[in-house]
Amino acid sequence: MPYRDQIFLLGPETTSGTAVTLTGANAIPCGSFDPNVADWVEVERTQLGARPGTQRAAAITERKVSADIPFEFAGSGTRGAISALNPVMLAAGFNSSVVAGASGSVSYALAWPPPAVTHTARFHRDGVVYSAAGGRVSKLVISGQAGQVLSAVASYMGLYRSPATVANPTPSYPAPLANAVPFDSASTTPGSLTFAGVGVCVEAFELTIENITQYYDNAGCVPHIDFTDRTVTFTLTIARPPIETLDVFTNASNSQLGALVLPVGTVAGNINTFNLPQVQVMPSLVNVKDSNYIQLQGRMVAEAANQELTIVQT
């Protein structure tokens, strides 16, 4: 079989840490990646063995599996219908709500405390399956570059489960992810990309949801992985607007907060709108194709639930 004969499955668990059965319907369309199956801690033992110069075999603890999974970021293709990326969003700490129908939507909102549900993952590689249970997405990076396709990378970490020889399942990929979402002038309405309420031209953006993740393996308890903190940061590169229209340097120097609304896509069922209601930025001038642009390094400032990041698919 070819090296890239691989399938990634992800699904929610009923009991945390107890792997659930996953089928081709749980397949996540993604690019090629190499899971770190032996993401373990090796504890050295200092007792000498029977012969000089040798120690006892190390003890293996904190047996984890981790992987950075790349994929295109898109909706289901049908308004009000959940996409195949739904398990990734839930594992990254989002709650979801669905409004069905022709004018429906799928909304993802970051929640704190994060959802208690954990996720089983299966990495099928050339007829061998590597598994993990009780897992979460510790980092989700969504990015758009002018002229490129909207994409993301999810960093998954779960509890190690033994590999097995299993035939690759037949994945059931939904049709919409065959429709790429380009990040360019054709992907949104001019003026709909706004920072601090002002329409801006975006050359690139990167949104990072980083969940601070800890592994716990206490005696007498089931090993588990928890989120203990979270940061949401972004980088936004915009064509320099007139100072009288948007003076980001004065705003930043006054510690003034702003808001970011970033819709990407124009085809119903495949429009993703990123909403950051309250952000603080640090601006700098950058050169893009010999023109002055402004790069905003920002972070979410959420003091209430309604100031958390939301991603709405319509």
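The values are calculated or read from the model by the stated rules, or taken from the named source; none is laboratory data. Remember, predicted model here, so these are calculated numbers, not experimental data. Ideal geometry is used to build each Cβ from the backbone, glycine not excepted, and the neighbour counts take in all protein chains shown.
Matching residues to (1) touching a residue at least 60 places away in the same chain (Cβ under 8 Å); (2) crowded, with 21+ Cβ neighbours inside 10 Å:
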position	(1), (2)
Gln280	no, no
Met300	yes, yes
Ala304	no, no
Gln307	no, no
Thr314	yes, no
* Which is surrounded by fewer than 17 Cβ atoms within 10 Å (Cβ to Cβ), among the hydroxyl-bearing types (Ser, Thr, Tyr) and over 20 Å from Met89 (Cβ atoms), of Thr250, Thr237, Thr231? -> Thr250
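Need at least 2 residues that are more than 13 Å from Ser66 (Cα to Cα) and small (Gly, Ala, Ser) per element, so show me which strands (runs of 3 or more DSSP E) inside the stretch 84-177 make the cut, counting only ones lying wholly within it.
Those strands (runs of 3 or more DSSP E) span 94-99, 105-110, 128-145, 151-165.
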* Structure fact -> From the option list Thr233, Thr237, single residue qualifying as assigned to a strand (DSSP E or B), in contact with a Ser or Thr (Cβ under 6 Å, 6 or more places away or on another chain) and among the hydroxyl-bearing types (Ser, Thr, Tyr) is Thr233
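Taking the residues in the stretch 51-83 that are of a type in the set (Ser, Thr, Tyr) and in a loop (DSSP other than H, G, I, E, B) as candidates, determine which candidate is modelled with the lowest pLDDT. Lay out the reasoning, then the answer.
Applying the first criterion (of a type in the set (Ser, Thr, Tyr)) to the stretch 51-83 yields 54, 61, 66, 76, 78, 83.
Still in the list and also in a loop (DSSP other than H, G, I, E, B): 54, 76, 78, 83.
Values: Thr54: 68, Ser76: 89, Thr78: 89, Ser83: 90.
Ranking the qualifying residues of the stretch 51-83, first place goes to Thr54.
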* Asked: Restricting attention to the stretch 29-50, which residues are more than 30 Å from Phe73 (Cβ to Cβ), among the aromatic types (Phe, Trp, Tyr) and assigned to a loop (DSSP other than H, G, I, E, B)?
  -> none
* Asked: Any residue in the stretch 245-263 that is in contact with a strand residue (DSSP E or B) (Cβ under 8 Å, 6 or more places away or on another chain), β-branched (Val, Ile, Thr), within 23 Å of Gly75 (Cα to Cα) and modelled with pLDDT of 90 or more?
  -> yes
